[in-house]
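Since the structure comes first, as structure tokens, the remarks are kept for the end.
Taken together, the values in this text are just the output of simple stated rules run on the coordinates, not laboratory data. All values reported here derive from a predicted model rather than from experimental measurement. Using ideal geometry, Cβ is built from the backbone for each residue, glycine included, and neighbour counts are taken over all protein chains shown.
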Amino acid sequence: MKPILRATALGRRFPAGEGVWALKKVDLEVAQGEFVLVAGPSGCGKTTLLNLLGGLDRPTRGDVELKGTAFSKLDESGLARIRRRELGFVFQFFNLLADLTAEENVSLPMRMIGLSKAEIALRTASLLEAVGMSYRAKHTPFELSGGEQQRVAVARSLANNPLIILADEPTGNLDSKNGLDIMELFRRFNQEKKQTFVVVSHDPGFAEYADRVVRMHDGVVTTIERKGG
Amino acid sequence: MIGLVDALVRGLTGFLRALHPRNLAKMARLTPLYFPLAARSVRRRLLRNLLVGLALGSGIIVYLGLAASFHGTAANTSRRTEPLVLPADVLAFGIDLPDSQPVDSLKWVAPAGAFETFDRWQASTSLGTLWVVGLREGSRLWSGDGLPSFPLQGEVLVPATVAKAGKVALGDGVKVGEQARSGFAGATFRVAGFVEGPAAADALLGNAVVMRLDDLLALRSGGALPGSPLPAPNAVAVWERQPGDNDRLLGRVTDLFPRASVWWSDLPAARALAAAGGFLSPGRVILATVFVLAGLGVFNVMLLSLLQRKVQLGVVKALGAEDDEVFLLLLLEGVFMAAGGAVLGVLGGSFLVNFLDRASEVPLFLSGSDFIWALVLAVVSFYLAAWLPATLCRRASPIQLMAGRRLYVNPRSTCAQCGRCGGF
Ligand SMILES: Nc1ncnc2c1ncn2[C@@H]1O[C@H](COP(=O)(O)OP(=O)(O)O)[C@@H](O)[C@H]1O
Ligand SMILES: [Mg+2]
């Protein structure tokens, strides 16, 4: 299958000029509808890789291409536009906007891309329904448990109908029950809606959810395991 | 050092770039999206934001209060002779003292804005020697508390004690004028009421025959005639309550008293301030300090409120908000506060000045330029308070913000790598 996301010889050094290579040389392709799990010990460069794939950070060398658009050719606004239109993010610390209700958090990405009010209302309701959070629509993040917040965050990441959802340790701040619930949600969207996922986790138990497990060590990809392969 | 200069230059060019019509149009387009967000953010931190507004507002209040008293003292620098110890917001008319001052030095009365017209003259009356006060209807000196209604044409009010001693009743005639060898020169007025109660303790009204200014002018006009026993005023000062308001009166005064030098109204506030000192007078230094302190106070809180929300703003960026949009978001919050503070400050300042003016003998008043300067204060504070935090955030990358990293004025230059200033 033709990849929608491709990283070539990706490297990132901290700090930019003379520092150490947190990510040395990573090549990675993600196909439409794929569920990729990035695993590896803490500090091996998983977050660095995901940030680069999401256009949140600039590589020191190499490039990322999303549907044929090279990130290196884009300015900051161009990258923001890619994030706004093509990508969804789920973070370890949920990172809902504290001033907004669950509903408003979910609708924000849609407002950013200028959907109509009616469309936003409809879509927000169905997304909250899909993650089982309709009954908390009017609540602010402070009034929600960690698991509930992360469900809302998942709904938010789906709001702009992204090509790919990038999730960095989405279960890292949840107990195992809630963590599994979130992974189940991911699996459901992956299987029912053919939603593409790149999920970072150091939990080896999550390998079963993925089509492919990318193992990293010390800034390089060591092995790529395919399900059933 | 080079990093700092670099940052300043970039800041300036960035600001100019933000003013580009294309960018302004973009901001106008985005405002409907971010306005409610900014409003929400301000409302969610109501107490803190009220305090910011209050800091700015009180800066303006103090500024206005100080400005008013500078005008007052500027106008008050010249010596005040005993007979002129009056509420300071009055128009002096027909001053006739042994050591009359040239009119140009009549700075003791404050200029334009809140002034009244009156005439005060120690006359001979059928009740003895009394002050005569001429007032215009609606005069501020006419408080109304415990006073009978304002006299009509040909009527006077007399102090209750004087009336009792002289056995005059309502409707009786009282002669007011000047007793000379050739006889009495003056006119007879009908007693329309008595000044008693608290008003009787008033230094001005409790001790005088009060009549309409027009009546007094007519009476005094005899003084302009050669050989008249009435003392002719050699100096006339007319202050206008509103520019143009007193044209008619002024015309009459100059007709009636052609020999008196007329000094009228409308000493511009600039002249009053000039009288208080040069450009760098202590007054101006204090005012500038107030500016800076209010601005810094607002700035500090805005900055703090931004620093506490780094992560949130980073998330907004990660979700695809462009740098300019985050800038706009923070700018809008600043606009809310600056607008609130300015309204608060102008209202509070006007109120304060009004109150102090009533309470003090030194005249206090505000000119239009004071309000303009107060608004300049609001804009400068807003600029200081919102623009730097907004700029810091505009330039930081989403992951810098989400990780809560320190922000440097220029994150992509040597400035951030040096880091010796500690950033924000
Ligand atoms: N902004 C940064 N500045 C300096 N070093 C960094 C920065 N971000 C990450 N690193 C370093 O890069 C390495 C990889 O980090 P990270 O990608 O966060 O690892 P992981 O997510 O796999 O735990 C670590 O050694 C970390 O200390
Ligand atoms: Mg990590």
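Per-residue mean of foreign Cβ neighbours for B:306-319 is 5 (Cβ atoms of other chains, 10 Å radius).
Taking amide H as placed 1.01 Å from N in the peptide plane, the amide H of residue B:180 sits under 5 Å from that of B:185, each at least 5 places away or on another chain. For the residues of A:133-142, the average number of beta carbons from a partner chain within 10 Å of their own beta carbon is 0.
For the range A:16-68, what does the alpha-carbon gyration tensor say about shape, rounded, prolate or oblate, given a ≥ b ≥ c as the root eigenvalues, a/c under 1.5 as rounded, and a/b over b/c as prolate?
oblate
Farthest towards the positive end of the charge dipole of chain A, among the residues A:91, A:130, A:10, is the Cα of A:10, using unit charges on the Cβ of Lys, Arg, Asp and Glu.
For the residue pairs A:2/A:194; B:26/B:317; A:24/A:46; A:2/A:67; A:138/B:26; A:25/A:46, alpha carbon separations beyond 19 Å are given by A:138/B:26.
Working note: Karplus 6.51/-1.76/1.60 with θ = phi - 60° gives the range A:126-136 the couplings 6, 5, 5, 4, 5, 9, x, 10, 4, 6, 10 Hz, where Gly and Pro are set to x.
Among the trypsin sites (Lys or Arg not before Pro) within the range B:160-189, those in coil by DSSP and having at most 16 neighbouring Cβ atoms inside 10 Å are B:167, B:181. The modelled label-to-label distance between residue B:369 and residue B:9, using points 7 Å beyond Cα along the C-beta direction, is 3.8 nm. Backbone phi angles across the range A:74-80, fed through the Karplus curve with coefficients 6.51, -1.76 and 1.60 (θ = phi - 60°), yield HN-Hα couplings of 9, 7, 4, 5, x, 5, 4 Hz in residue order; Gly and Pro are listed as x. Here the dipole of chain A is about 620 debye; that uses its Cα centre as origin and unit charges on the Cβ of Lys and Arg (positive) and Asp and Glu (negative).
Taking amide H atoms as placed 1.01 Å from N in the peptide plane, the amide H of residue B:172 lies under 5 Å from those of B:191, each 5 or more residues away in sequence or on another chain. Legend: calculated FRET efficiency, residue B:137 to residue B:308, from the Cβ-Cβ distance at R0 = 56 Å, rounded to 0.05, equals 0.45.
As an exercise, identify the GluC sites (Glu not before Pro) in the range A:1-102 lying in DSSP coil whose Cβ has no more than 13 other Cβ atoms within 10 Å. The qualifying sites are A:18.
Taking label positions 7 Å along the Cα-Cβ direction at both residue B:39 and residue B:165, the computed distance is 6.8 nm, reported to one decimal.
For the range B:395-401, putting each phi into the Karplus relation 6.51 cos²θ - 1.76 cosθ + 1.60 with θ = phi - 60° gives couplings of 8, 6, 7, x, 6, 4, 5 Hz, in residue order, rounded to whole numbers and with x for Gly and Pro. For the range A:1-73, trypsin sites (Lys or Arg not before Pro) are listed when DSSP marks them as loop and at most 15 other Cβ atoms sit within 10 Å of their Cβ; the list is A:67. Using just its DSSP H runs of length 4 or more, each adding -39500 (n - 2.57), chain A gives a mean residue ellipticity at 222 nm of -10500 deg cm²/dmol after division by all residues.
Return a whole-number percent for the relative contact order of chain A, with Cα pairs under 8 Å and 6 or more residues apart as the contact set.
Once divided by the residue count of chain A, the mean separation gives 29 percent.
From the alpha carbon centroid of the range B:375-400 to that of the range A:184-214 is 41 Å.
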